[in-house]
Amino acid sequence: MLLPLVCGAAALAAVAAAAPPPPMSIAVTDGVDAVRWGSRLTYHVTLKNQDSAPLHGVRVEQRLPDGAREVRGGGGGRVHHGTVVWRTDLAGRATAAFTASAVLGRPDGGADGGRRRTAGTVCAYVGAAAAPAVCAADTDELPAVPGLSEDAARTAGPAGGGALAVGAAGAGAAALAGVGFVVWRRRAGRRAEQASDGS
């Protein structure tokens, strides 16, 4: 009897895994495409019930970028370790809106680890579910050079730092090549002098 019970449990798990998620959609935006360290970002979250049946016990979690500080949650959102959490019910075809904001700080209060983009993510859960029903994210470009103005960051793009690094490496290589050529010329001149003295 043990084998049929095990098989039955496996079948139920497979059916549960294949069950479609609740008919919801979620979106998030901070209204910008590029940011700099120290900027305050405000995220606007929109959650929509796309079905006529109501949804009860919905939990919305907005995770702010790593290093975010002064995190605030509007509309009764509770802040916990850089995440803002709201709980709500959604009537059929209803839409709910939430806001969260934070100051963009460098992770660990120091170096950015070479990151060129930062992201805020949001997910919605139904009831006590551990897996989210829907998720969305908003990403922004970071300045290619620390301290770069926000206007310049918008035009620099994520490749700016790489281009700068390549340019610096190229300049260093050219300088080393020049020094090597001078040393080679001097050694060649000395060999020629020694040869002429020997003759």
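The values are calculated or read from the model by the stated rules, or taken from the named source; none is laboratory data. Just so you know, these numbers come straight off a predicted model, no measurement behind them. These area figures cover heavy atoms from the full protein model, side chains too; ligands, DNA and RNA do not enter into them. Shrake-Rupley method; radii C 1.70, N 1.55, O 1.52, S 1.80 Å.
Some observations on this one:
- Potential extension, His56-Ala27 segment - 0.36 nm per residue separation minus Cα distance: 8.5 nm
- The figure for Arg106 is an accessible area of roughly 70 square angstrom, using a 1.4 Å probe on the protein chains alone.
- Residues of region 19-74: accessible area per residue with a 1.4 Å probe, Å²: 50 Å²
- Overall, the ratio between the Cα radius of gyration of region 40-132 and 2.2 N^0.38 Å, rounded to two decimals, is 1.20.
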